[in-house]
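These notes concern the structure reproduced below.
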Amino acid sequence: MNVTVKDINILQSIQPQQVANYLQNHGWHKQNHLQDKASIWIQGNEGGESATILLPLNQDIPGFPVSMSVILETLETIENRSQLEIISELITTANNIKIPGFVRQIHAPNADQLSGTIVILGVVCDKLREIQMELFNHEYILAIKAYQERLPIVCTGDLVKEDSCFVLKNIRNFALDESWKN
């Protein structure tokens, strides 16, 4: 089953430099640079055929998410991999993303205030991932309750990939996920 990524927020959050690094690491060669607007990447195969990708270099241009969607479709076809597998390597940040999950770990609270780091097992690009976050006061207490009672949680924030770890920052709406009861 092929899944096509259509979420504009996810497509908009893909960093052009991350795509360039990915292409270079997967055998693509930069053929041309169109000022500071785009770069053209090409990859040949044994049959003498070649594929071309036009990579916009500015996330603020109109149509950027559409361009990223076309790039994902091209890579999916050439690499015979799902778009979700590819995008999981490309995502380094995703702003205002809603994450459902379970609290997996609670680190010792900070001594001077009611806060601490937790690790949740959450869904990112349709895969379970460990996500670290710092919680304070009421949200930290909710996390402890969710951990102890094995209750699902949901929250919104800005997801950042640091090295190979995910961190959720600017956390909003951290709550127990009551939707499973229905």
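The values are calculated or read from the model by the stated rules, or taken from the named source; none is laboratory data. None of these values were measured; they are calculated from a predicted model. Here the Cβ positions follow ideal geometry from the backbone for every residue, glycine too, while neighbour counts run over all protein chains shown. Surface accessibility is based on the protein's heavy atoms, side chains included, excluding ligands, DNA and RNA. Shrake-Rupley method; radii C 1.70, N 1.55, O 1.52, S 1.80 Å.
Points worth noting:
- Hey, A111 surrounded by 19 or more Cβ atoms within 10 Å (Cβ to Cβ), more than 19 Å from the chain's Cα centre (by Cα) and farther than 29 Å from S67 by Cβ or not: no
- The residues in segment 86-108 that are farther than 30 Å from V70 by Cβ and hydrophobic (A, V, I, L, M, F, W, C) can be counted, and the count is 4.
- Residues that are without any contact (Cβ under 8 Å) to a residue 60 or more places away in the chain, open to solvent by 60 Å² or more (accessible area, probe 1.4 Å) and within 14 Å of the chain's Cα centre (by Cα) occur at least once in segment 77-88.
- On the stretch given as segment 44-54, residues that are out of contact with any Gly (no Cβ under 6 Å at 6 or more places or on another chain), farther than 19 Å from L84 by Cα and either at pLDDT 90 or above or not in a loop (DSSP other than H, G, I, E, B) (or both) total 4.
- For segment 124-155, a tally of residues being in a strand (DSSP E or B), open to solvent by 80 Å² or more (accessible area, probe 1.4 Å) and either in contact (Cβ under 8 Å) with a residue 60 or more places away in the chain or not acidic (D, E) (or both) returns 4.
- Identity of the residue in segment 114-123, open to solvent by 50 Å² or more (accessible area, probe 1.4 Å) and within 17 Å of the chain's Cα centre (by Cα), that ends up modelled with the highest pLDDT: L121
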